[in-house]
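Right, one structure below, let's go through it.
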Amino acid sequence: MNYCGLQRIKMELTEKPVRVKRDLNGLFLLDKPSGVSSNQALQKVKWLLRAKKAGHTGTLDPLATGLLPICLGEATKFSRFQLEANKRYRVTARFGAVSDTGDLEGEIVSTGFDVPADEDTIRDLLPQFVGKISQRPPVYSAIKVDGRRLCDYARGGIDIEPKLRQVEVSQFDLTDFTGVEATFEISCSKGTYIRSLVVDLGAALECGAHVIQLRRLAAGNLGIGQAVSLSDLESIAGNDDQVLPKLLPTETLVEGLGQLNVSAEQATRLKGGQIVSVDPTAVKQAVALFSSGRFIGVGELDADGSVRPRRMMQH
């Protein structure tokens, strides 16, 4: 290639617009599509918004759709309050077959069972899955054992039985039944595996079952009605007049906490890591901190009236 050709290519590369990342603070609610992992969805949103920092607040299986809260910038400091939140799902199960993953994406390992005769047969069993229950997570899951994910062991042909864990299910309602498939709405604590609930229900019915559709409807105070699809975000990504109104304020993550207003001087001290004093309280609790109407972080309020900073906004 001659000198002029090299110069032309160099100019084209130089003139290519640079995608500049920016500080974005707040909460974006994504309606995750099926077929992508939660991390893939997160990285796509981060790229579209040109955000410097982002993280999600609870993994959804690739098969699953629905609410995936994504924290941007300073909001990542408060993601644990959403991680701890209860979740609500709609799930469709198919009876008469068992898969190695507990869902449609796995290999069917046994079939030929008689499916439930009617809705009452299913409903009679649901109460045993409501309340505080012991649950064994799926072998194909992201839970780590000795630094490796269980699914990695499973794919490598290594059998490791996951430990039982305590979860709480507050709602397990049958909403539709077609004879071979049934749809349920489930409200549960963090860490509950819907696949395990469906597999265990199939075992109790002595017919086997696996998940064919899963959708997260809510997480704590956040609902799917507030979420934006990935395709809609792609269509408005270059227009901040449309994008920025979609971001919820960071304090949305801590709406379940009590609120405490502090002075501007106290706010400065808290941001600097110092303890400040307010009116005493009999309860030691986490509180959302505000100054002049603005959210500044989360502190721990002691019985003696002292407030210890835990997570503070820097902007």
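A few notes on this one:
- Some residue of segment 203-214 being surrounded by fewer than 21 Cβ atoms within 10 Å (Cβ to Cβ) and in a helix (DSSP H, G or I): yes
- Qualifying residues in segment 75-98 (those that are closer than 23 Å to E119 by Cα and of a type in the set (S, T, Y)) - the one farthest from the chain's Cα centre (by Cα): T92
Let's see how each residue does on (1) in contact with a strand residue (DSSP E or B) (Cβ under 9 Å, 6 or more places away or on another chain); (2) part of a helix (DSSP H, G or I); (3) within 30 Å of I133 (Cα to Cα):
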| site | (1), (2), (3) |
| --- | --- |
| G191 | yes, no, yes |
| S231 | no, yes, no |
| E234 | no, yes, no |
| L253 | yes, yes, yes |
| Q259 | yes, no, no |
| R269 | yes, yes, no |
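- Looking across segment 92-122 at every residue that is of a type in the set (D, E, K, R) and buried (at least 16 other Cβ atoms within 10 Å of the Cβ), the one that is farthest from F184 (Cα to Cα) is identified as D100.
- Identity of the residue in segment 67-91, out of contact with any helix residue (DSSP H, G or I) (no Cβ under 9 Å at 6 or more places or on another chain) and polar (S, T, N, Q), that ends up surrounded by the most Cβ atoms within 10 Å (Cβ to Cβ): T76
- Residues that are small (G, A, S) and either in a loop (DSSP other than H, G, I, E, B) or loosely packed, with under 12 Cβ neighbours inside 10 Å (or both), drawn from segment 300-315: A303, G305
- Exactly one residue out of Q274, Q266, Q259 is closer than 26 Å to E84 by Cβ and not small (G, A, S): that is Q259.
- When S134 is tested against (1) surrounded by 16 or more Cβ atoms within 10 Å (Cβ to Cβ); (2) of a type in the set (S, T, N, Q); (3) free of Cβ contacts under 8 Å to residues at least 40 places away in the same chain, exactly one condition is not met: (1).
- Looking across L247, L214, one residue alone is of a type outside the set (V, I, T), assigned by TED's automatic domain parsing to the domain that holds G73 and closer than 30 Å to T76 by Cβ. It is L247.
- Among the residues of segment 284-299, those identified as exposed (fewer than 12 other Cβ atoms within 10 Å of the Cβ) and not charged (D, E, K, R) are S292, G293.
- Residue in segment 275-283 that is small (G, A, S), in a strand (DSSP E or B), surrounded by 13 or more Cβ atoms within 10 Å (Cβ to Cβ) and outside the structural domain of Q40 (by TED's automatic domain parsing) present: no
- Scope segment 263-286; condition of a type in the set (A, V, I, L, M) and at pLDDT 90 or above; matching residues: A264, A267, L270, I275, V276
- Residue identified as within 20 Å of G26 (Cβ to Cβ), assigned by TED's automatic domain parsing to the domain that holds A51 and modelled with pLDDT of 95 or more among D240, D232: D232
- With respect to the stated conditions, T175 fails to be modelled with pLDDT under 95 and over 22 Å from the mean Cα position of the chain (by Cα).
- For first residues located in segment 41-66 and buried (at least 20 other Cβ atoms within 10 Å of the Cβ), partners that are aromatic (F, W, Y) and lie 6+ apart or on another chain with Cβ distances below 8 Å form the pairs V45/F28; L49/F28; G66/Y89.
The values are calculated or read from the model by the stated rules, or taken from the named source; none is laboratory data. Keep in mind that this is a model prediction, so the values were computed, not measured. Counting neighbours? That spans all protein chains shown, and the Cβs are built from the backbone with ideal geometry, glycine included.
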